[in-house]
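What follows is a single structure, written as structure tokens, with notes after it.
The values are calculated or read from the model by the stated rules, or taken from the named source; none is laboratory data. What you see is a predicted model; the values in this text were computed from it and never measured. Note: ideal-geometry Cβ built from the backbone for every residue, glycine included; neighbour counts use all protein chains shown. Protein only, heavy atoms only, side chains kept; ligands, DNA and RNA dropped before computing areas. Shrake-Rupley method; radii C 1.70, N 1.55, O 1.52, S 1.80 Å.
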Amino acid sequence: QVQLVESGGGLVQAGGSLGLSCAASGSIFSRAIMAWYRQAPGKQRELGASITSGGRTNYAESVKGRSTISRDNTKNTMYLQMNSLKPEDTAVYYCKLYGVGYGNGYWGQGTQVTVSS
């Protein structure tokens with residue numbers, strides 16, 4: 001059973017920075033695609049950024065240029081560094097592990113990020 005645990009959320013002022021972490025249990029992390037999703041109040045969950053096992057990254061337009069996704073396969077951990085935060089970045093941020101052979105994938109429990117204006 002894979003477990004994902006996010007950490008690093010909190011309250012930050014607009015223009016500030018915040019770093020999130022997602023730690024995975026199990027031995028499948030290094031072969032999986034990892035992603036950060038976010039869900040704002042009243043909105044659907046949306047993809048923010050993803051990273052393949054080989055380190056290829058993809059960003060949504062809404063976060064491109066302000067966020068950096070990375071992973072450390074030796075620590076089974078994925079990271080998201082967010083800069084120049086805006087109030088519209090306020091959401092619950094979820095990490096997801098997925099890929100071929102992982103079925104529907106696995107989700108973390110989410111961590112709240114609140115950006116004050």
Original post:
Which one is modelled with the lowest pLDDT among residues in the range 91-105 that are within 18 Å of ILE69 (Cα to Cα) and either open to solvent by 20 Å² or more (accessible area, probe 1.4 Å) or in contact with a Gly (Cβ under 8 Å, 6 or more places away or on another chain) (or both)?
Top reply: GLY99
Original post:
When the residues of the range 46-75 are filtered to those that are surrounded by fewer than 16 Cβ atoms within 10 Å (Cβ to Cβ) and charged (D, E, K, R), which remaining residue is farthest from GLY103 (Cα to Cα)?
Top reply: ARG66
Subject >> Unmet requirement for GLN39, which otherwise passes all of (1) under 22 Å from GLN109 (Cβ atoms); (2) in contact with a Pro (Cβ under 7 Å, 6 or more places away or on another chain) >> reply: (2)
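Consider LEU18 carefully, then state whether it is loosely packed, with under 14 Cβ neighbours inside 10 Å and either touching a residue at least 60 places away in the same chain (Cβ under 8 Å) or under 11 Å from the mean Cα position of the chain (by Cα) (or both). First the steps, then the outcome.
Working: loosely packed, with under 14 Cβ neighbours inside 10 Å: no; either touching a residue at least 60 places away in the same chain (Cβ under 8 Å) or under 11 Å from the mean Cα position of the chain (by Cα) (or both): yes.
Criteria not met by LEU18.
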Original post:
What are the pairs, 6+ residues apart or on separate chains, where a residue within the range 101-117 that is at positive phi has its Cβ under 6 Å from a residue that is open to solvent by less than 80 Å² (accessible area, probe 1.4 Å) and of a type in the set (Val, Ile, Thr)?
Top reply: GLY110/VAL92
